[in-house]
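The values are calculated or read from the model by the stated rules, or taken from the named source; none is laboratory data. Please read all numbers here as calculations on a predicted model, not as lab measurements. As a convention, Cβ positions derive from the backbone with ideal geometry for all residues, glycine included, and neighbour counts pool all protein chains shown. We work out accessible area using only protein heavy atoms, side chains counted, and drop any ligands, DNA or RNA first. Shrake-Rupley method; radii C 1.70, N 1.55, O 1.52, S 1.80 Å.
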Amino acid sequence: MTTTHNASTPLQAIEDELERSAARIMADFAVDSCVAFVGKEKEDRLHAGYSVRRGNDFILIRRLHAATAAGGYRPVEDRWTLEIDNRVAGEGYPDVEAALDAAGIFTRK
């Protein structure tokens, strides 16, 4: 979840890492569900991250990626954005764990 992609990373590798991390979030944090997602944006960008549900809270943790000339993607910034109930609740988190802590999901199972 804290991996930094400085170079071009194939989309499949990003998706695989997200899936592994989603499983770790489910195992380590007190959440009801965690689903990895990749959402295509206009032009050459995509958001990659996690859709997390805890009780009635819907939490989205995402990072914007840009396409590279090598055919992969790299994060636009190595920071994560936190949305709670479809509103941006914070930006600039250094890793997913920090965003989960900010959302109040610091309880480990």
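What number of residues within the stretch 67-100 are farther than 21 Å from Glu41 by Cα and more than 14 Å from the chain's Cα centre (by Cα)?
0
Return only the number of the condition from (1) under 21 Å from Tyr93 (Cα atoms); (2) modelled with pLDDT of 90 or more; (3) under 14 Å from the mean Cα position of the chain (by Cα) that His5 does not satisfy.
(2)
Kindly provide the set of residues from the stretch 25-64 that are over 16 Å from Ala103 (Cβ atoms) and surrounded by 14 or more Cβ atoms within 10 Å (Cβ to Cβ), ordered by number.
The answer is Ala36, Phe37, Val38, Arg45, Leu46, His47, Ala48, Leu64.
Hey, can you tell me all the residues within the stretch 67-109 that are among the basic types (Lys, Arg) and over 23 Å from Asp32 (Cα atoms)? Can you show your working first?
Filtering the stretch 67-109 for residues among the basic types (Lys, Arg) gives 74, 79, 87, 108-109.
Listed by number, the residues that qualify are Arg74, Arg79.
Filter the stretch 68-101 down to the residues that are in contact with a strand residue (DSSP E or B) (Cβ under 6 Å, 6 or more places away or on another chain) and among the β-branched types (Val, Ile, Thr), then identify the one that is least open to solvent (accessible area, probe 1.4 Å).
Filtering first and then ranking leaves Val96.
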